[in-house]
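Read-outs throughout are calculated quantities, based only on the coordinates presented, and are distinct from any laboratory measurement. Fair warning: this is a prediction, and the values are worked out from it, not measured in the lab. Cβ placement follows ideal geometry from the backbone for every residue including glycine, while neighbour counts extend to all protein chains displayed.
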Ligand SMILES: [Zn+2]
């Protein structure tokens, strides 16, 4: 069973030699939409304001990173009851 899975992944890597798309949630090599995402990584945040989710594609075995830019939205400040209230004044 484990051998079959490994063989399938290796065949996928050999067959998926070109990038075919750049779409959120899709494998750029095979177009698969079942990407397995890891936790967000802030490693490159200071350099370019981006973070990424590492992913692997169970369909072809490719590995990659899906990048997102982060923009400031608002502050929320903790009140006496422990709730975080959105700051309304700009
Ligand atoms: Zn793939």
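A few points about this structure:
- Each label point was placed 7 Å from the Cα along the Cα-to-Cβ direction; for residue 66 and residue 40 their separation is 1.3 nm.
- Between residue 79 and residue 19, the modelled label-to-label distance comes to 4.8 nm, taking each label 7 Å out from Cα in the direction of the beta carbon.
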